[in-house]
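**Student:** My questions all concern the structure below.
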2 protein chains.
Amino acid sequence: MKSQRITMVTLAVSDLERSRKFYSDIGWEEASGGNDMIAFYKAGGQFFALYSKAALTKDIGMPIHERSTGNVTMATNYNSREEVDKAFKDAMTAGAVEISTPAEIFWGGYSGNFADPDGHMWELAHNPFWTLDDDGFIVGEA
Amino acid sequence: MKSQRITMVTLAVSDLERSRKFYSDIGWEEASGGNDMIAFYKAGGQFFALYSKAALTKDIGMPIHERSTGNVTMATNYNSREEVDKAFKDAMTAGAVEISTPAEIFWGGYSGNFADPDGHMWELAHNPFWTLDDDGFIVGEA
């Protein structure tokens, strides 16, 4: 098994119930296994998790900073600009903070960025150079 | 296509060549498409990217904080404690900063955390409650 894998992406959140509601509002369905410290979401063969800051601090054994906006971005890609616009609008409706409205970006794609309730950054993008399969996974190389 | 997907995880890095060397040293093979601003790595149907802070700041149109250790964790899971120990040792050899040495954690697994050259957190874990397929993807629910 290669080391070149990401099994799970975990976001530290200050209020797990607030974050559960936000991700539910933008269409994420929680998987089983969660509790009052953590919520799991299946994303293909990975998990995405929301983890209360108190529990995560205990887990890793060090204090963590309050905000991390911009240093790590999770991206969800779509097949068209219209799909990006719709998903971005849905996120705004759910209470996301707009960082940049969807627009043409210098690298040749179309994307917008929003922050979740803890300031975690999500990019919604259409990259005309990438092909997605029916499940939204990337086909081929970059 | 569901919105519940992560297409790419991008880390902001202050010195792209330093980061390229670090990820190469821990066994990641760069995909095509990179340049002096960004490096792409295929991880299943996703990409993992290292993006120079200067370019990312331009991309998202806002300043970003210097460090984010702990607010976002990328995890790579293994089938045994021994595999975790080996991968953790490889990361140390590559110059990673040890955050927590691999040990039994309160949630019932065995994991260690290290920080990459920009302070981005990686967890190497064996979760006895999860089954991984031959490619390292998670089988079933959490």
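Read-outs: derived from the displayed coordinates by stated rules, not from any lab. Remember, predicted model here, so these are calculated numbers, not experimental data. So basically every Cβ, Gly included, is an ideal-geometry build from the backbone, and we count neighbours across all protein chains shown.
**Student:** To two decimal places, what compactness ratio does the protein assembly as shown give when its Cα radius of gyration is scaled by 2.2 N^0.38 Å? List each step's numbers first, then the result.
**Tutor:** Values: Rg = 17.4 Å, N = 284, 2.2 N^0.38 = 18.8 Å.
Taking the Cα Rg and dividing by 2.2 N^0.38 Å, one obtains 0.92.
**Student:** First select every other residue whose beta carbon is under 10 angstrom from the beta carbon of B:Ser19; then total the charges, Lys and Arg +1, Asp and Glu -1.
**Tutor:** Counting the neighbours of B:Ser19, the net charge comes to -1.
**Student:** Roughly what % of Cα-Cα distances in chain A sit above 21 Å, to the whole percent?
**Tutor:** Pairs farther apart than 21 Å: 47 percent.
**Student:** Calculate the dipole size of chain B relative to its Cα centre from +1 charges on Lys and Arg beta carbons and -1 charges on Asp and Glu beta carbons; express the result in debye to the nearest 20. Before the final figure, lay out each step's value.
**Tutor:** On the way: 12 positive and 21 negative charges, 90 e Å.
It works out to roughly 440 debye.
**Student:** Expressed as cubic angstrom per residue, what is the convex hull volume of the alpha carbon set of segment A:1-62?
**Tutor:** Enclosed volume per residue, from the Cα hull, is 103 Å³.
**Student:** Give me D for segment A:101-142 in µm² s⁻¹, whole number, from Stokes-Einstein with Rh from the Kirkwood sum over alpha-carbon pairs, 25 °C and 0.890 mPa s. Walk me through the intermediate numbers first.
**Tutor:** Working: Rh = 11.7 Å.
Answer, rounded: 210 µm²/s.
**Student:** What does the average come to when, for each residue of peptide B:129-138, you count the partner chain Cβ atoms lying within 10 Å of its Cβ?
**Tutor:** Taking all residues of B:129-138 together, the mean is 4.
**Student:** From other protein chains only, count the Cβ atoms within 10 Å of every residue's Cβ in B:33-45, then give the mean.
**Tutor:** Mean number of neighbouring Cβ atoms from other chains: 4.
**Student:** Follow-up question, since we're still on this one. Could you run the Karplus curve 6.51 cos²θ - 1.76 cosθ + 1.60 with θ = phi - 60° over segment B:83-97 and give me ³J(HN,Hα) per residue in whole Hz, x for Gly and Pro?
**Tutor:** Those phi angles translate into 5, 4, 4, 5, 5, 5, 4, 4, 5, 4, 4, 7, x, 5, 8 Hz.
**Student:** With θ set to phi - 60° and the Karplus curve 6.51 cos²θ - 1.76 cosθ + 1.60, what are the ³J(HN,Hα) couplings of segment A:25-31 in order, to the nearest whole Hz, using x for Gly and Pro?
**Tutor:** After applying 6.51 cos²θ - 1.76 cosθ + 1.60, I find 5, 9, x, 7, 9, 5, 7 Hz.
**Student:** Apply the a/c threshold of 1.5 to the C-alpha gyration tensor of segment A:65-135 and tell me whether it is rounded, prolate or oblate.
**Tutor:** Judged from the Cα gyration tensor, segment A:65-135 comes out prolate (a/c at least 1.5, a/b above b/c).
**Student:** To continue, here is another question. Between B:Ala103 and A:Asn35, what's the calculated FRET efficiency when r is the beta-carbon distance and R0 is 22 Å? Round to 0.05.
**Tutor:** Values: r = 22 Å, r/R0 = 0.98.
Efficiency, rounded to the nearest 0.05: 0.55.
**Student:** Would you calculate, for chain A, the mean residue ellipticity at 222 nm contributed by helices, counting each DSSP H stretch of 4 or more residues as -39,500 (n - 2.57) and dividing by all residues, to the nearest 500?
**Tutor:** The helix-only estimate for chain A comes to -6500 deg cm²/dmol at 222 nm.
**Student:** Using θ = phi - 60° and the Karplus relation 6.51 cos²θ - 1.76 cosθ + 1.60, list the HN-Hα couplings for segment A:35-48 in order, rounded to whole Hz, with x at every Gly or Pro.
**Tutor:** Ordered by residue, 3J(HN,Hα) equals 7, 7, 10, 8, 10, 10, 9, 6, 9, x, x, 10, 10, 10 Hz.
**Student:** Could you check the simple spin-label distance between A:Asn79 and B:Lys86, using points 7 Å along Cα→Cβ, in nm with one decimal?
**Tutor:** Computed distance between label sites A:Asn79 and B:Lys86 equals 4.1 nm.
**Student:** Another question, if that's okay. Return the average number of partner chain Cβ atoms within 10 angstrom of each residue Cβ along peptide B:46-54. Write down the numbers at each step before the final one.
**Tutor:** Working: counts 12, 7, 3, 3, 0, 1, 0, 2, 0.
Per residue, the average neighbour count from other chains is 3.
**Student:** A follow-up question, please. For chain A, set up a Gaussian network in which alpha carbons nearer than 10 Å are linked by springs, and say which option among A:Gly70, A:Gly44, A:Gly112 fluctuates the most.
**Tutor:** Greatest mean-square fluctuation among the candidates belongs to A:Gly44.
**Student:** What's the longest bit of chain B with no exposed GluC sites (Glu not before Pro), using DSSP loop states and at most 16 other Cβ atoms within 10 Å as the test?
**Tutor:** My reading of the result: B:67-140 is the longest stretch.
**Student:** Follow-up question, since we're still on this one. Percent antiparallel among DSSP beta bridges with both residues in segment A:27-142, to the nearest 5?
**Tutor:** So the antiparallel bridges amount to about 75 percent of the total.
**Student:** Let me ask another. Net charge near B:Ala125: determine it from the other residues with C-beta under 14 Å of the C-beta of B:Ala125, scoring Lys and Arg +1 and Asp and Glu -1.
**Tutor:** Taking every other residue near B:Ala125 into account, the sum is -3.
**Student:** In what sequence, highest mean first, do B:131-139, B:7-15 appear when ranked by Cβ atoms within 10 angstrom? Let's see the in-between values first.
**Tutor:** Values: B:131-139: 13.8, B:7-15: 21.2.
Descending packing order for the listed peptides: B:7-15, B:131-139.
**Student:** When Lys and Arg each count +1 and Asp and Glu each count -1, what net charge do the other residues less than 14 Å away from B:Met37, Cβ to Cβ, add up to?
**Tutor:** Neighbourhood net charge equals -2.
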